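Trainee: Below you'll find the structure I mean.
The values are calculated or read from the model by the stated rules, or taken from the named source; none is laboratory data. Note that the structure is a prediction, hence the values are computed from the model and not measured. Don't worry about glycine lacking a Cβ; one is built from the backbone with ideal geometry, like all the others, and counts go over all protein chains shown. Note: areas computed on protein heavy atoms with side chains; ligands, DNA, RNA excluded. Shrake-Rupley method; radii C 1.70, N 1.55, O 1.52, S 1.80 Å.
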Amino acid sequence: MADSIFRKLRDGGEEGELAPALTIEETVASPFALDVSCYLLANLSSSILAGKSKSEGLVLVTFSRSPSFYLQFLKQKGIFVSSSSKWIRVLDCYTDPLGWIDQPSPGVITEGSSLIKLHKCVSDLKRLFSSIIEAGREMVGDGKTRFSVAIDSVNELLRHSSMPLVSGLLTDLRSHAQVSSLFWSLNTDLHQEKVTNALEYISTMKANLEPFCPSSDGKRNALENLFLVHQDFGKGRFHIRFKLRKGRVRVMSEEYHVDQTGINFSPISSVETIIAATKSLIPKVHFNLQLSEKERVEKEKVVLPFEHQDHGKSTEIYDGRRTLADGKTEATPLSSGELQADVVSSGKGGEIIYFRDSDDEHPDSDEDPDDDLDI
Amino acid sequence: MAAPNVRTSSFSRNISVVSSSPQIPGLKCGPNGTTFISTGIRDLDRILGGGYPLGSLVMVMEDPEAPHHMDLLRTFMSQGLVNNQPLLYASPSKDPRGFLGTLPNPGSSKEDKPTAPDLDQGESLRIAWQYRKYMENQKSSIDDYSNDFDMRKPLERQFLAGRPIDCVSLLDSSDLSVAEDHCATFLSKFPRLCIISFLFDGHLLLFKLVNSSNIASIGRIAIQSFCSPLCEYSDKESEMLSFIRLLKSMLMVSNAVAIVTFPPSMLSPSSSTRLQHMADTLLSIKAIPDGDKELEKLLTGYKDINGFLNVHKVARINTQVPVILEAKTFSMSLKKRRFLALECLNQAPVDGSSGTSYGTSGSCSGSSKSGALDF
């Protein structure tokens with residue numbers, strides 16, 4: 001549940017432990033990590049303002065969107081950020097990450113611009129780390145109060161630095177005493193699997209967005225496939241994996257739905273998952289434990305070779321020899337060398353061919369064969 | 001050793017004498033002239049047929065979602081310290097010495113209930129001769145080869161103080177030369193094979209490698225999270241492979257055992273497979289999903305299980321006969337919340353055709369639930 005992630009981030013970690021960290025993974029088919037981050041941002045901000053959170057401030061490091069986008073978004077959600085807000089700081093790595101612009105453009109005056117610090121030189125991660133900590137300390141002071149950190153997108157960080165340095169930065173942030181929680185988003189299609197795995201390695205929670213219909217894998221042949229993709233574009237499944245302390249993993253899933261106002265989460269509604277769950281309970285063996293519908297109907301139809309069936313009349317069962325009462329020659333004559341065996345044929349209607357054990361046996365001889373012994 | 005004497009035939013056979021009971025505690029003689037040291041976990045010793053053989057390389061594939069490889073390392077290191085065996089520990093943290101504080105203490109003997117009556121009582125009981133040896137085995141729950149470690153209690157100072165423990169941090173080195181130097185100097189203290197040369201009629205020199213029959217001391221090397229993304233060398237896969245190759249070659253001529261844990265998802269599949277092939281004993285850890293109703297039905301004792309341990313390869317030295325284990329997957333749990341126990345899984349029959357390949361159980365992706373029981 002997205003709520004549980006938010007609660008984990010809000011509550012932060014315990015003293016002496018590394019801060020909980022969340023990776024939000026998106027793909028090209030479901031590029032909604034931004035919506036998820038905004039959702040978490042809004043919730044975290046409101047809880048910080050309400051005083052319900054362990055952290056007292058939030059440092060937002062923006063790489064893929066400008067700070068004004070976020071401030072606008074927060075305003076939409078009813079959270080007003082002014083220059084005197086003491087609970088949020090924004091580190092702007094979007095406008096000028098590599099330090100190409102010498103002078104800031106004069107026309108840009110945004111609300112709360114004193115909160116926004118321009119950060120150039122993104123490739124120097126040590127400086128980035130110290131700027132984040134500095135921004136945090138500006139808000140909460142030097143003591144034991146803690147703040148949360150949100151990194152817009154790690155893809156840009158990875159563009160400018162190598163993987164070990166980026167993981168070093170994130171782990172340093174996690175181990176800093178004043179950081180209570182941390183989250184970042186990542187588009188997994190832009191990097192090798194190793195990179196995604198490495199980021200999952202250092203995080204304690206992993207959320208990923210999966211579209212309903214699987215991506216076309218490059219085979220764009222069916223037009224209907226495109227139509228389905230278009231129809232279901234804003235919807236999909238949201239999977240979360242939590243690493244618990246004992247070494248267990250909690251897996252949760254939800255459905256998400258993106259619209260104008262943002263992202264909404266709802267519990268999984270489809271019936272298919274329930275069936276899939278029960279199917280996997282049955283042990284997978286080489287023989288078939290279940291009967292299909294057709295097989296069940298066939299099974300009902302089979303006439304068993306008992307002379308007394310439940311339906312009140314005695315059944316005539318062909319028993320390999322012609323009885324006196326029976327003058328018909330319905331079945332094909334069998335050779336006398338036929339073994340006495342029960343044969344279940346698998347033909348239509350399920351015939352059972354029954355051969356009596358001996359010719360002397362009268363039909364319906366339920367008597368004890370030892371009865372004729374005179375002892 | 002055989003000294004070059006004047007003989008009629010210059011060819012002398014050197015029969016190495018294998019002592020039935022080794023001189024130092026903490027060693028056990030195994031088949032084919034190997035000597036075992038304890039893993040630190042009694043159940044694992046039993047599963048592996050005695051312990052880790054000297055001169056072998058043990059590799060443990062981590063699961064990024066579960067910290068149980070640390071327990072394997074901890075018991076290994078504690079066992080070494082209790083048996084007074086020098087230790088080399090390398091990890092990608094800034095202060096590896098801190099890890100020594102988390103090592104467990106051997107469980108106290110007072111808590112062990114005697115499962116068999118004392119031998120003195122046995123005298124009066126007139127036990128048949130062949131059962132005496134079972135009585136003796138049962139009695140020695142406390143012996144000098146292996147200990148049951150209480151994971152909650154930290155290791156006593158007497159085992160830590162004054163012991164030769166070398167800690168190396170893998171973080172700051174950009175390549176593995178520091179680690180290589182430490183390993184080389186450490187292993188040079190435990191040579192196993194000495195070279196004897198003698199003359200053959202004054203013309204040829206014959207070299208003979210002879211097992212030193214006196215094992216002076218044993219060393220233990222523990223390397224944690226070898227391919228961690230925090231290390232700078234983590235993208236130089238060929239360097240990592242050559243380091244392990246070097247370590248393995250040094251181990252073959254030393255009286256030492258090295259245990260290396262690594263997360264296989266941090267490497268490319270080919271490098272991961274190559275590392276797995278280099279191991280003499282290959283284990284892997286798998287996290288268990290929490291709150292999984294299906295698994296709860298399939299496994300008994302689900303609530304106590306912390307994770308799974310898979311044994312992929314067991315070291316066989318000096319023989320071509322492989323070890324075929326009855327079961328390859330074990331559940332890790334804490335007995336009485338203190339003692340690590342490995343148990344065979346009690347579960348419903350599963351598809352026997354799902355073969356184990358080394359790498360599949362190391363995956364950390366959120367795969368379907370049936371993937372958790374891939375054995």
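Trainee: Could you check, for the stretch A:74-84, whether at least one of its residues is of a type in the set (Phe, Trp, Tyr) and either modelled with pLDDT of 85 or more or not in a loop (DSSP other than H, G, I, E, B) (or both)?
Mentor: No: the stretch A:74-84 contains no residue that is of a type in the set (Phe, Trp, Tyr) and either modelled with pLDDT of 85 or more or not in a loop (DSSP other than H, G, I, E, B) (or both).
Trainee: Would you check which residues across the stretch A:142-172 are of a type outside the set (Ser, Thr, Tyr), more than 13 Å from every other protein chain (Cβ to nearest Cβ) and touching a strand residue (DSSP E or B) at 6+ places or on another chain (Cβ under 9 Å) and list them? Steps first, answer last, please.
Mentor: Restricting attention to the stretch A:142-172, the residues satisfying the condition of being of a type outside the set (Ser, Thr, Tyr) are A:142-144, A:146-147, A:149-152, A:154-160, A:163-166, A:168-170, A:172.
With the extra rule that they be more than 13 Å from every other protein chain (Cβ to nearest Cβ), the set shrinks to A:142-144, A:146-147, A:149-152, A:155-157, A:159-160.
Of everything in the stretch A:142-172, those that are of a type outside the set (Ser, Thr, Tyr), more than 13 Å from every other protein chain (Cβ to nearest Cβ) and touching a strand residue (DSSP E or B) at 6+ places or on another chain (Cβ under 9 Å) turn out to be A:Arg146, A:Phe147, A:Val149, A:Ala150, A:Ile151, A:Asp152, A:Asn155, A:Leu157.
Trainee: Also, quick follow-up: Which of the residues spanning the stretch A:134-155 are modelled with pLDDT under 90 and under 27 Å from B:Asp235 (Cβ atoms)?
Mentor: Selection gives A:Asp152, A:Ser153.
Trainee: Among the residues of the stretch A:16-53, how many are touching a residue at least 40 places away in the same chain (Cβ under 8 Å), more than 22 Å from the chain's Cα centre (by Cα) and assigned to a loop (DSSP other than H, G, I, E, B)?
Mentor: 4
Here's the yes/no breakdown for (1) at pLDDT below 90; (2) under 13 Å from the mean Cα position of the chain (by Cα); (3) more than 29 Å from B:Arg245 (Cβ to Cβ); (4) among the β-branched types (Val, Ile, Thr):
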site	(1), (2), (3), (4)
B:Ser21	yes, no, yes, no
B:Gly33	yes, no, no, no
B:Tyr52	no, yes, no, no
B:Leu57	no, yes, no, no
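Trainee: So, of the residues in the stretch B:59-82 that are open to solvent by 10 Å² or more (accessible area, probe 1.4 Å) and acidic (Asp, Glu), which turns out to be nearest to A:Asn197 (Cα to Cα)?
Mentor: B:Glu65
Trainee: Could you please give the count of residues in the stretch B:274-297 that are surrounded by 15 or more Cβ atoms within 10 Å (Cβ to Cβ), at pLDDT 85 or above and not in a strand (DSSP E or B)?
Mentor: Kept after step one, since they are surrounded by 15 or more Cβ atoms within 10 Å (Cβ to Cβ), are these residues of the stretch B:274-297: B:274-276, B:278-290, B:292, B:294-295.
With at pLDDT 85 or above added as a condition, the list becomes B:274-276, B:278-289.
If we keep only those that are not in a strand (DSSP E or B) as well, we get B:274-276, B:278-280.
Qualifying residue count, the stretch B:274-297: 6.
Trainee: Which members of the stretch A:210-250 meet the condition of being at pLDDT 85 or above, closer than 29 Å to B:Ser234 by Cα and touching a helix residue (DSSP H, G or I) at 6+ places or on another chain (Cβ under 7 Å)?
Mentor: A:Ile240
Trainee: Also, quick follow-up: Tell me which residues, restricted to the stretch B:231-251, are open to solvent by less than 20 Å² (accessible area, probe 1.4 Å) and not aliphatic (A, V, I, L, M).
Mentor: Just the residues of the stretch B:231-251 that are open to solvent by less than 20 Å² (accessible area, probe 1.4 Å), to begin with: B:231, B:233-234, B:240-241, B:243-244, B:247, B:251.
Across the stretch B:231-251, the qualifying residues are B:Cys231, B:Tyr233, B:Ser234, B:Phe243.
Trainee: I'm checking my understanding of the structure. Among residues of the stretch B:252-265 that are modelled with pLDDT under 90 and open to solvent by less than 30 Å² (accessible area, probe 1.4 Å), which one is farthest from the other protein chains (Cβ to nearest Cβ)?
Mentor: Residues of the stretch B:252-265 that are modelled with pLDDT under 90, as a first pass: B:252-255.
Among the residues that remain, those that are also open to solvent by less than 30 Å² (accessible area, probe 1.4 Å) are: B:254-255.
Numbers: B:Ser254: 31, B:Asn255: 33 Å.
Selected residue: B:Asn255.
Trainee: With the structure loaded, tell me whether B:Thr300 is more than 21 Å from B:Leu73 (Cα to Cα) and either touching a residue at least 12 places away in the same chain (Cβ under 8 Å) or assigned to a loop (DSSP other than H, G, I, E, B) (or both) or whether it fails that test. Reasoning before the result, please.
Mentor: Working: more than 21 Å from B:Leu73 (Cα to Cα): yes; either touching a residue at least 12 places away in the same chain (Cβ under 8 Å) or assigned to a loop (DSSP other than H, G, I, E, B) (or both): yes.
Answer is yes for this residue.
Trainee: Being part of a loop (DSSP other than H, G, I, E, B), open to solvent by 30 Å² or more (accessible area, probe 1.4 Å) and more than 9 Å from chain B (Cβ to nearest Cβ) is the filter; apply it to the stretch A:173-203 and report the residue that is nearest to A:Leu128 (Cα to Cα).
Mentor: Within the stretch A:173-203, the subset part of a loop (DSSP other than H, G, I, E, B) is A:176-178, A:191-192, A:203.
The next check asks that each one be open to solvent by 30 Å² or more (accessible area, probe 1.4 Å); those that pass are A:176-177, A:191-192.
Pick out the ones that are also more than 9 Å from chain B (Cβ to nearest Cβ) and you get A:176-177, A:191.
On the way: A:His176: 14, A:Ala177: 17, A:His191: 22 Å.
Only one residue tops the list, namely A:His176.
Trainee: Mind listing just one residue for me: the one in the stretch B:266-290 that is in contact (Cβ under 8 Å) with a residue 24 or more places away in the chain and among the charged types (D, E, K, R) and, of those, nearest to the other protein chains (Cβ to nearest Cβ)?
Mentor: Ranking the candidates gives B:Lys286 first.
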